[in-house]
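Input: a single structure, listed below in structure tokens.
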């Protein structure tokens, strides 16, 4: 199995689109460079903020191949390979492995309700199909309708190439249970909620897959780096800087808000793919005010 340290701030990088909704490859390369220059610890292709839910197989191949080429081994590359069926998930995992991804992030199946036994069997089958690839479980029940119970995560942590879990439930007790129940295993828990990064690190998490890093990469990296350096005051300041941006999430899909913010910063990453691409005018104005205020305070 590939040996990759699952740690730090991992950006689920936005997928830039042109006006016709095709992938804007030059801008994707630019965003990769922007993140690496900011000190990001890994790049995650077509996660939730990368709109993996709306990309087809050809899009995913193009996006991942571009990111791997641009990264050129400087940081690990994660690929979001989870699909509804076990069969398609395995196909996507094999595609990512062939292209040279370092880690696979496998979201729970969606739409149809799955039992914990079905989820466990799904992940065990996927892991067996790509035994040389590290796999990070991805729990985001508000989006998929299926929640990975802490006990299921603890059981799956015994599978050799299932090496971590990202929890985006927003439920601190659930995230804490992931950490507590796997504390005696070689297993990394990542916060998927940007408001809980520092709290999770203090409790033993390895890092975060942080959507807000698309907007403020240096700040998000600062949460982790300052924590590791023992500068809690600076880490707390960086964590606090996330609140204003997150307050704008009430105006639409968080993915859309994040991508709109990146555009407002001057990067032409385009809109999210329809129909998930609308932000009301009051939301745009609120974002502009937040970005201006944060810029004045030096948040970047």
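The values are calculated or read from the model by the stated rules, or taken from the named source; none is laboratory data. Please read these numbers as outputs of a predicted model, since none were measured by experiment. Glycine gets a Cβ as well: all are built from the backbone with ideal geometry, and neighbour counts include every protein chain shown.
Taking the condition in a helix (DSSP H, G or I), closer than 20 Å to residue 15 by Cα and either at pLDDT 95 or above or more than 14 Å from the chain's Cα centre (by Cα) (or both), does residue 218 pass?
Numbers: in a helix (DSSP H, G or I): yes; closer than 20 Å to residue 15 by Cα: yes; either at pLDDT 95 or above or more than 14 Å from the chain's Cα centre (by Cα) (or both): yes.
Judged against the criteria, residue 218 is a match.
Only residues that are over 13 Å from residue 138 (Cβ atoms) and buried (at least 23 other Cβ atoms within 10 Å of the Cβ): list them for the range 64-91, please.
As a first pass, look at the range 64-91 and keep what is over 13 Å from residue 138 (Cβ atoms): 64-77, 84-88, 90-91.
The answer is 64, 67, 77.
Only one of 293, 243 is within 15 Å of residue 212 (Cα to Cα) and surrounded by fewer than 12 Cβ atoms within 10 Å (Cβ to Cβ). Can you tell me which? Don't jump to the end; show me each part of the working.
Values: 293 fails: within 15 Å of residue 212 (Cα to Cα).
So the residue among 293, 243 that is within 15 Å of residue 212 (Cα to Cα) and surrounded by fewer than 12 Cβ atoms within 10 Å (Cβ to Cβ) is 243.
Please name all residue pairs, on different chains or six or more residues apart, with Cβ atoms under 6 Å, provided the first residue is in the range 193-207 and is free of Cβ contacts under 8 Å to residues at least 40 places away in the same chain and the second residue is surrounded by fewer than 19 Cβ atoms within 10 Å (Cβ to Cβ).
193/170
Which is surrounded by fewer than 21 Cβ atoms within 10 Å (Cβ to Cβ) and over 22 Å from residue 182 (Cα atoms), of 125, 121, 114? Outline the logic, then answer.
Values: 125 fails: over 22 Å from residue 182 (Cα atoms); 121 fails: over 22 Å from residue 182 (Cα atoms).
Only one candidate qualifies: 114.
Please work out if residue 135 is touching a residue at least 24 places away in the same chain (Cβ under 8 Å), over 18 Å from residue 76 (Cα atoms), crowded, with 21+ Cβ neighbours inside 10 Å and in contact with a strand residue (DSSP E or B) (Cβ under 9 Å, 6 or more places away or on another chain). If you could, list the steps in order and put the result at the bottom.
Values: touching a residue at least 24 places away in the same chain (Cβ under 8 Å): yes; over 18 Å from residue 76 (Cα atoms): no; crowded, with 21+ Cβ neighbours inside 10 Å: yes; in contact with a strand residue (DSSP E or B) (Cβ under 9 Å, 6 or more places away or on another chain): yes.
Taking the combined requirement at face value, the residue does not satisfy it.
Can you name the residue in the range 5-20 that is more than 20 Å from residue 273 (Cα to Cα) and within 13 Å of the chain's Cα centre (by Cα) and, of all such residues, is surrounded by the fewest Cβ atoms within 10 Å (Cβ to Cβ)?
Of all residues in the range 5-20, those more than 20 Å from residue 273 (Cα to Cα) come to 5-10.
Next, only the ones that are within 13 Å of the chain's Cα centre (by Cα) stay: 6-10.
On the way: 6: 24, 7: 18, 8: 22, 9: 27, 10: 31.
Among those that are more than 20 Å from residue 273 (Cα to Cα) and within 13 Å of the chain's Cα centre (by Cα), it is 7.
If residue 226 meets every condition in (1) closer than 23 Å to residue 134 by Cβ; (2) surrounded by fewer than 23 Cβ atoms within 10 Å (Cβ to Cβ) apart from one, which number is that one?
Evaluating residue 226 over (1) closer than 23 Å to residue 134 by Cβ; (2) surrounded by fewer than 23 Cβ atoms within 10 Å (Cβ to Cβ) leaves (1) as the failure.
When you scan the range 173-183, do you find a residue that is over 20 Å from residue 82 (Cα atoms), modelled with pLDDT of 95 or more and assigned to a loop (DSSP other than H, G, I, E, B), even just one?
yes
Residue by residue through the range 255-287, note down the ones that are without any contact (Cβ under 8 Å) to a residue 60 or more places away in the chain, under 15 Å from residue 50 (Cα atoms) and touching a helix residue (DSSP H, G or I) at 6+ places or on another chain (Cβ under 7 Å).
Correct list: 257, 260, 261, 277.
Given the options 213, 234, name the one that is assigned to a helix (DSSP H, G or I), surrounded by 15 or more Cβ atoms within 10 Å (Cβ to Cβ) and in contact with a strand residue (DSSP E or B) (Cβ under 9 Å, 6 or more places away or on another chain). Spell out the reasoning first.
Working: 234 fails: in contact with a strand residue (DSSP E or B) (Cβ under 9 Å, 6 or more places away or on another chain).
Answer to the selection: 213.
Considering only the range 245-282, how many residues are assigned to a helix (DSSP H, G or I) and at pLDDT 95 or above?
So in the range 245-282, the residues assigned to a helix (DSSP H, G or I) come out as 245-251, 254-264, 281-282.
Narrowing the set further to residues that are at pLDDT 95 or above leaves 245-251, 256-264, 281-282.
Total satisfying the criteria: 18.
Provide a single number: the residues in the range 153-172 that are touching a strand residue (DSSP E or B) at 6+ places or on another chain (Cβ under 9 Å) and without any contact (Cβ under 8 Å) to a residue 60 or more places away in the chain.
Step one: of the range 153-172, the residues touching a strand residue (DSSP E or B) at 6+ places or on another chain (Cβ under 9 Å) are 153, 156-157, 159, 161-169.
Pick out the ones that are also without any contact (Cβ under 8 Å) to a residue 60 or more places away in the chain and you get 153, 156-157, 159, 162, 165, 167, 169.
Within the range 153-172, residues that are touching a strand residue (DSSP E or B) at 6+ places or on another chain (Cβ under 9 Å) and without any contact (Cβ under 8 Å) to a residue 60 or more places away in the chain number 8.
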